[in-house]
Structure formats: structure tokens, C-alpha cells
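The values are calculated or read from the model by the stated rules, or taken from the named source; none is laboratory data. This structure is a prediction, so every number in the text was calculated from the model and none was measured. Counting neighbours? That spans all protein chains shown, and the Cβs are built from the backbone with ideal geometry, glycine included.
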Amino acid sequence: MKSYSPLITLLLAYLIMIAIGQSIPGMWQPVMLVIFYIAIGQALNVFLGMTGYVNFGYVALLGVGAYGMGVALGYYNELGLIPTLILGFILAAILALLVSAIVGGIALRLRGAYFAIATIGVNEGIKYLIMGAKIWGGSEGIVLSGILRKSFGAETMRFLSTTFADAGVIVVAIATGVVTAYILNSRLGYALIALREDEEAAKVMGINVTKYKQIAFMISCVLAGLIGATAWTLKLTYVFPQDVFAINYTVEAIVIVMLGGAGTLLGPLVGGLIYALLKYYLAIAFPGLQLLILAPLLIVVILLFPEGVVGYIAKKARGTRLENFVR
Amino acid sequence: MLLKLEGVTKRFGGLVAVNSVDLEVEEGEKLGVVGPNGSGKTTLYNLISGVYMPDEGRIFFEGKEITNLPPYDRTKLGIARTFQIPRPFGSATVRENVAIGAMFGMANAGVDEALEMADDMLKLVGIYDLKDKEAKLLTPLEKKLMELARALAMKPKLLLLDELLAGMNPANINEILELLDRVKKEENIAVIAMVEHLMHAITKFAERVVVMHQGMKLIEGPTMEVLNDPKVIEVYLGEKLNVG
């Protein structure tokens, strides 16, 4: 039942989205918004979807990833363009890895809701640490547009913050999908399913639950860090602590995962599409009222599909030829 | 000596659930553990499988001390169990459930190999037709069979069965007993089966029986001898057992 064929569906969806964005004027912006939301859903899904644990500090990982890239571009740009970018990605991954190793190492010893509560403080903690201790510019953040123009020229800067940033987001988004598919097909994936369903029984079945939770948590967090580095730092050319540690992204990512189907490969794709498109077009059609309309719509979808849209379809598809392409 | 317990004690607050129990199990042995409700049987199982750590005493498996080893490490050494109330991984399929046993048990199989082993085990216990069903949708009996398949897929040296036969009809019980016999002969697994009431089944299954009473080992010995012991009859059975 499990295989890599659902990945074909996922890649096709990305291709179609990119084609629409490139060929229809005015569509690139909403397409990139959708891909961003799919990516943050996909990265969170590796942890939330597969373990059932809610990480309320999720956006902090996007934030430290954004800082990783920001620090490289802001402070080490004399290395030259390409080495700086590579350093930025490495720093983003390492910062996310460090934070997740520390947070996971401590908080993952707690069960279920207690873990969620423990992670709530992480985001605010890191934000105020950066602001209060005046690390990396403190509350003024890192403003990159001037620095980048001076070091690499206006042309390169524009390329970095548009084409390169968008391509980066798309690559990271696809990578999170591939990683998810790999996990679903691996021993790790089976261990995560087992511990999500019954942690005590999983232990007796030979699964070191703490270890596997920690692995999933760190993978999820590093992917989030890379999204922060591309979708925020590169694209926006600034890093402000107030912006990158905004808790609403955590909540949106959770909604996307639940909407699409926790623990499924295609869930964040469907959830991200529904969520981002509704948000984008409701804001145009009913400016100021979008959240008032969005919230009840989401409640309706969740009520109709308690296991998420993809969870529902996958169940219906079981035993049919579609089975291999929905998961 | 496969398993050895030395003076193992477990307390829950003031209640001594298991009180200084010594137990020895040989390789490939079939041992029955009987005792009334609350006599400490399940706690004993939890101590052997590592769900609880004992307050006193030591546990050895194949001569190696496992007293403070976490359950997942004990599994790797070759201890597998079923639960009194089955605990399937509900949203996974039956086949995946059994494959998880093969992957993380002593068999330590890769994903593809584990899925193949799962198919074999499901055929063995006779629920191969249900392999693509979500485990939570099974009937209680099917869940028990799935747990047995999952435990066997782990390729254990010691299999702990917790009330596996309870609630089954006599035909099912005979099938399972035959199955266990076959598996035991083929793979030389030691099996400890725990029952509360199914004395007839235990006489057919076990070579040796341990009777638990109020957390202590009341008596142990050859099955028929023990079950007809006046002490056992007094505290547990209430009347003389007629097997025949």
C-alpha cells in the first residue's frame, strides 16, 4: 500500500501550480503564497501529523532559520555571493537543529498535551532573548536590502529576492514532500505510527519512542528552518523578530495539517491549497471580514472530514486503482 | 535458563502487587500462570516485559541482568507479549501492525522483509483475509489473533500471553493451542500463558503451572499436581477439578 507513487501526485500538483503562476498574469503571487503554506504544513506534518504531538513553538524554527540566513547575508557577505548563501542555508539548518535538539531533548519527555504546553513558551522565549540581549541587531532586526545592494549590486539583489527566493521556496517545499514520502516508507514511519496510536504498546513492541519522537521533531524543525531562510529572509530581505516569531504561523500550519489530513503525504498540499486560496481571495472579496468568514468555513470542512480531506479520500480510495496515488 | 526472577517485588503505594516472587523459565518451556483476579499476574507480566521496574529483586534473561532495562531493549533480546485488552495500532492496517512487530522485535527486519513476514504470520493465525483492514475495526477475537501474530512476528524467545484465550469458544481455543504447539516445536519459543479461569485450556497447554495468590507465588509444579493441590483448590478453585 505504501510506496512512492503518491509523490507523483504531489509533484504534478506543484508543476500545475507553477505553470498557472507563470502563464496567467497576476497569479504568481497567490501561487507562491499557496506553496509557502503547503511547505510550512508539510514540515510541521512530519512531526505533528506522524506523532500526534502538537508543537506550539513551531514558528520559532522558521524564525531561527530566517536568522541563520540573515546573519550570513548581513555579517559574512564578504565571503562572496555563493559561499554566503551556502553558509546561510547551513546556519539556518544548524540553528534549527540546535534549538530542536534542546527543546526536544527536554520537552519530549512530556506526554501529549504537556508537551504542547511546554513548547508554547519557546517562541516567545527566543524572541525576547534576541530582542532583550540585542543579539543580531536586537529588536531592530537585520535589514538586508542596503547591505545586499552594496555588496552584490542592485541587479543581483533583485534576482535574489525574487527568482532565487521563489525557486528556493519551491525546492524546499518539494524536498519536504520527498522527505515525508521517505519517512512514510521507512522503519521510522512505522515507529511513528505505532507511537502515535499507543505509546505504551509501542514501547513494548520494541520501539524506543523518545528516540523516534526526537528524530521526527528534528527533521520537522530543520525543514522549517530552511523555509524560514528562503521564504522570509531571501524574499523579504529583512529579518525582524516581531515578524519571524509571529505565533499566527504556528496556528496556520496546524490548521493546514488538520484540514488536509494529519500524517498523510498529500494532506498539507490540499490543506495549504484550501487555506491559502480562501485566505487570499476572501481578503480581496471581503476586505476586513476575511477571518470572520474563513473561520466558520474551516469549521465546516473539519466537521465534514474529521480525518482531513486526504484522510477521507484515502479511505474511500482503498481497494481502488486510485489507492496508490492518494496517501 | 531463559528467564529468572529473584525476589521481585512491586508496590503501588501501600499495596504490594507482586511480593518477592522467584521464577525460573527454561528455554522452550510451556508455563502456565494462574490465579484469581488481583493476584498480581498482570503486574508480573509488566515487570518481565519492562512496563514497570521492580522495587526490589532482580530479573535475568539468558543470564544477563535486565532488571532496569527499558521495555524496547528487552524486546530486542527476545521478549514479546500480548495484552489482556488488545492494544492494536488502530489506524494502521492489520498487516502494518504485524509488520511493526517484525521490524522492532528481535527479528529487527527491514520494511519489505517485515511486510512479507507479516503476511506469513497472518496466514499462520488464520486472519490473512483481514490484512488490509484498519486494526481498530477488528472484532475482539480478531484483535487477539492479530496481537498473537504481531508477537510471533517479533521472533521472540519468550512469549508472554496475557489472557489470550479468554472469551474464545472451545473450537478457537483448540486451534490456538495447536498453533502454539506447532510454533513452539518449530521455533523453540518459551511460552508463558496467563489465565484466570480457563483451567481446561491450561491443562492442555502447560507442562508446569505457577499459582499466584495475593501477589505471592502460592505453589508451582507439574500442571495436574498443582491444580489438584488442596491449597490451590481452597484459595482459588473452590472445588476439586475434574478433568476428563
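Every residue, every condition in (1) among the acidic types (Asp, Glu); (2) crowded, with 22+ Cβ neighbours inside 10 Å; (3) within 22 Å of A:Ile16 (Cβ to Cβ), yes or no:
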{"residue": "A:Leu236", "(1), (2), (3)": "no, no, no"}
{"residue": "A:Asp243", "(1), (2), (3)": "yes, no, no"}
{"residue": "A:Thr250", "(1), (2), (3)": "no, yes, no"}
{"residue": "A:Met258", "(1), (2), (3)": "no, yes, no"}
{"residue": "A:Gly271", "(1), (2), (3)": "no, yes, yes"}
{"residue": "A:Tyr275", "(1), (2), (3)": "no, yes, yes"}
{"residue": "A:Lys279", "(1), (2), (3)": "no, no, yes"}
{"residue": "A:Leu297", "(1), (2), (3)": "no, no, no"}
{"residue": "A:Ala314", "(1), (2), (3)": "no, yes, yes"}
- [ ] Could you check, for the stretch A:162-170, whether at least one of its residues is more than 14 Å from chain B (Cβ to nearest Cβ), assigned to a helix (DSSP H, G or I) and over 26 Å from the mean Cα position of the chain (by Cα)?
- [x] no
Task: Test: A:Ile20 is surrounded by 24 or more Cβ atoms within 10 Å (Cβ to Cβ), assigned to a helix (DSSP H, G or I) and not polar (S, T, N, Q) - done: no
Open item on the list: I'd like to check which helices (runs of 4 or more DSSP H) are fully inside the stretch B:69-135 and have at least 3 residues that are more than 9 Å from every other protein chain (Cβ to nearest Cβ) and closer than 24 Å to B:Ala193 by Cβ.
Closed with: B:94-104, B:111-125
- [ ] Name, by its number, the condition in (1) in contact with a Gly (Cβ under 7 Å, 6 or more places away or on another chain); (2) buried (at least 18 other Cβ atoms within 10 Å of the Cβ); (3) within 14 Å of chain A (Cβ to nearest Cβ) that does not hold for B:Leu47.
- [x] (1)
Task: Any hit, the stretch B:168-178, residues being within 18 Å of B:Leu152 (Cα to Cα), surrounded by 14 or more Cβ atoms within 10 Å (Cβ to Cβ) and acidic (Asp, Glu) - done: yes
- [ ] Within the stretch A:118-137, identify whether any single residue is in contact with a helix residue (DSSP H, G or I) (Cβ under 9 Å, 6 or more places away or on another chain), within 14 Å of chain B (Cβ to nearest Cβ) and either within 30 Å of A:Arg327 (Cβ to Cβ) or not in a helix (DSSP H, G or I) (or both), and answer yes or no.
- [x] no
Task: Of the criteria (1) at pLDDT 95 or above; (2) in contact with a Ser or Thr (Cβ under 7 Å, 6 or more places away or on another chain), which one A:Thr237 fails - done: (1)
- [ ] Could you check, for the stretch B:39-61, whether at least one of its residues is modelled with pLDDT of 95 or more, closer than 20 Å to B:Leu161 by Cβ, assigned by TED's automatic domain parsing to the domain that holds B:Asn228 and assigned to a strand (DSSP E or B)?
- [x] yes
TODO: Answer yes or no: is there a residue in the stretch A:310-317 that is of a type in the set (Val, Ile, Thr) and within 14 Å of another protein chain (Cβ to nearest Cβ).
DONE: yes
- [ ] Could you look through the stretch A:224-274, keep only residues that are hydrophobic (A, V, I, L, M, F, W, C) and not in a helix (DSSP H, G or I), and pick out the one that is nearest to A:Ala60 (Cα to Cα)?
- [x] A:Phe245
Task: Neighbours by Cβ (under 6 Å, 6+ apart or cross-chain): first from the stretch B:136-155, modelled with pLDDT of 95 or more; second of a type in the set (Lys, Arg) - done: none
